[in-house]
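Asker: Have a look at the structure that comes next, please.
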Amino acid sequence: MPEKILCIEDEELLLEDIVEELQDAGYRTLKANNGKEAIEILKYEAVDLILCDIMMPLIDGPTTLKLIRERLPQHNEVPFIFLTAKSTREDILVGKKMGVDDYLTKPIDYDLLLATIKARLEQVHRIKETNEAKLKRIYNALKEDHSKEPLSVALVAKSHSYVQPIENALQDLGCLVEFVHEEHLSVRKDAVEKNDLIFLFYSKIVHFYLSTLINTRTTHGRGKMVLLCKDNVDKNLKEALLDLGIGKTIDFPFPPVEIFKIILEATQNKV
């Protein structure tokens, strides 16, 4: 699937030009006219890169970057590029200290813009692939050295297709995986009892099931539950579930590196 880029720019015509160039290059786009709009979008949307003007009304570029880093940690690894009509040494130093990844000056050179975006996205992909490979090697080493018994995992969702990529990744790691339809969850206590981990794709049925566990003070199995959350799951709700004993949450698009970390941790605990 093409990468998704959030464009934040208060000049409407320039914003439309940027979006058109990115779409012509094959990227998906989201747009915001200021930092306030961008932050609202990022509460519910996962993006691969952020382009942001520095001088904007309501919330300017540096403040937008600061708020995203502080309040929306799920986007901490997303490349952030400033668009600016001024790029003094002092401006660049301030941005670098805040965590900005690059600067592009106006008027925009679109060939340079596309080359910069491509380079930043490739860098992110290389880091992710390296981390995943390292975690996979560690997991396999632990499995070979300490335990011959594979980790058992249940995947709970409305449709098998929702969790098929995760199932494939887990099977590649040597896990025993079973799919449980969410409508059968209430009568499949064995799915919780016999498996080392349970990944639940968040939905109304799953929410009701978790609420029942909490309301009846049932603690068995809660710690090994992992909630897979799409963009529409409220942050406060996720935090409340974690506080009440649900093991972990992973946000869409469910990065493999996060899955591997949980598998590694469960393997170590099992050993």
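Asker: Any idea which residue in region 186-212 is nearest to GLU149 (Cα to Cα), counting only those that are assigned to a strand (DSSP E or B) and not β-branched (Val, Ile, Thr)? I'd like the intermediate steps shown before the answer.
Answerer: Taking region 186-212 and keeping what is assigned to a strand (DSSP E or B), we get 197-201.
Cutting the leftovers down to not β-branched (Val, Ile, Thr) gives us 197, 199-201.
Details: LEU197: 14, PHE199: 20, LEU200: 23, PHE201: 26 Å.
Here the answer is LEU197.
Asker: If you go through region 112-128 one residue at a time, do you hit one that is under 30 Å from PRO79 (Cβ atoms), at pLDDT below 80, touching a helix residue (DSSP H, G or I) at 6+ places or on another chain (Cβ under 7 Å) and of a type outside the set (Asp, Glu)? Don't jump to the end; show me each part of the working.
Answerer: At the first step, the residues of region 112-128 found to be under 30 Å from PRO79 (Cβ atoms) are 112-128.
Narrowing the set further to residues that are at pLDDT below 80 leaves 128.
Among the residues that remain, those that are also touching a helix residue (DSSP H, G or I) at 6+ places or on another chain (Cβ under 7 Å) are: 128.
Next, only the ones that are of a type outside the set (Asp, Glu) stay: 128.
Yes; the residues of region 112-128 include at least one that is under 30 Å from PRO79 (Cβ atoms), at pLDDT below 80, touching a helix residue (DSSP H, G or I) at 6+ places or on another chain (Cβ under 7 Å) and of a type outside the set (Asp, Glu).
Asker: Now for a separate question. Could we say that GLU40 is among the charged types (D, E, K, R) and modelled with pLDDT of 90 or more here? Break it down into steps so the answer makes sense when it comes.
Answerer: Details: among the charged types (D, E, K, R): yes; modelled with pLDDT of 90 or more: yes.
Judged against the criteria, GLU40 is a match.
Asker: Can you find a residue that is at pLDDT below 85, touching a Phe, Trp or Tyr at 6+ places or on another chain (Cβ under 9 Å) and hydroxyl-bearing (Ser, Thr, Tyr) anywhere in region 159-178?
Answerer: Yes, there is a match, as at least one residue in region 159-178 is at pLDDT below 85, touching a Phe, Trp or Tyr at 6+ places or on another chain (Cβ under 9 Å) and hydroxyl-bearing (Ser, Thr, Tyr).
Asker: A further question on this structure: Looking only at region 165-196, filter to residues that are within 22 Å of ASN140 (Cβ to Cβ) and among the aliphatic types (A, V, I, L, M); which one of those is farthest from the chain's Cα centre (by Cα)? Steps first, please.
Answerer: Looking only at region 165-196, we keep the residues that are within 22 Å of ASN140 (Cβ to Cβ), and these are 165-178, 195-196.
Then drop every residue that is not among the aliphatic types (A, V, I, L, M), which leaves 166, 169-170, 173, 176-177.
Details: ILE166: 14, ALA169: 17, LEU170: 18, LEU173: 21, LEU176: 25, VAL177: 23 Å.
Filtering first and then ranking leaves LEU176.
Asker: Name the residue that is farthest from ILE166 (Cα to Cα), counting only residues in region 206-228 that are basic (Lys, Arg) and either at pLDDT 60 or above or buried (at least 17 other Cβ atoms within 10 Å of the Cβ) (or both). Break it down stepwise before answering.
Answerer: Going through region 206-228, the residues basic (Lys, Arg) turn out to be 217, 222, 224.
Okay, now just the ones that are also either at pLDDT 60 or above or buried (at least 17 other Cβ atoms within 10 Å of the Cβ) (or both), so 222, 224.
Working: ARG222: 20, LYS224: 16 Å.
It comes out as ARG222.
Asker: Still on this model: Give me the residue from region 31-57 that is more than 20 Å from the chain's Cα centre (by Cα) and assigned to a loop (DSSP other than H, G, I, E, B) and, out of that set, farthest from GLU21 (Cα to Cα).
Answerer: PRO57
Asker: Another question, if that's okay. Does LEU15 qualify as being touching a Lys or Arg at 6+ places or on another chain (Cβ under 8 Å) and assigned to a helix (DSSP H, G or I)?
Answerer: Values: touching a Lys or Arg at 6+ places or on another chain (Cβ under 8 Å): yes; assigned to a helix (DSSP H, G or I): yes.
Answer is yes for this residue.
Asker: Kindly indicate whether any position in region 88-99 is in a loop (DSSP other than H, G, I, E, B) and either at pLDDT below 85 or of a type in the set (S, T, N, Q) (or both). Walk me through how you get there before you give the answer.
Answerer: Step one: filter region 88-99 for residues in a loop (DSSP other than H, G, I, E, B), giving 88, 99.
Adding the requirement that they be either at pLDDT below 85 or of a type in the set (S, T, N, Q) (or both) leaves 88, 99.
Yes: one or more hits.
Asker: Only one of LEU93, LEU58 is touching a helix residue (DSSP H, G or I) at 6+ places or on another chain (Cβ under 6 Å) and either free of Cβ contacts under 8 Å to residues at least 24 places away in the same chain or over 19 Å from ASP109 (Cα atoms) (or both). Can you tell me which? Reasoning before the result, please.
Answerer: Values: LEU93 fails: touching a helix residue (DSSP H, G or I) at 6+ places or on another chain (Cβ under 6 Å).
None of the other options fit; the residue is LEU58.
The values are calculated or read from the model by the stated rules, or taken from the named source; none is laboratory data. No experiment lies behind these values; they were computed from the predicted model shown. Note: ideal-geometry Cβ built from the backbone for every residue, glycine included; neighbour counts use all protein chains shown.
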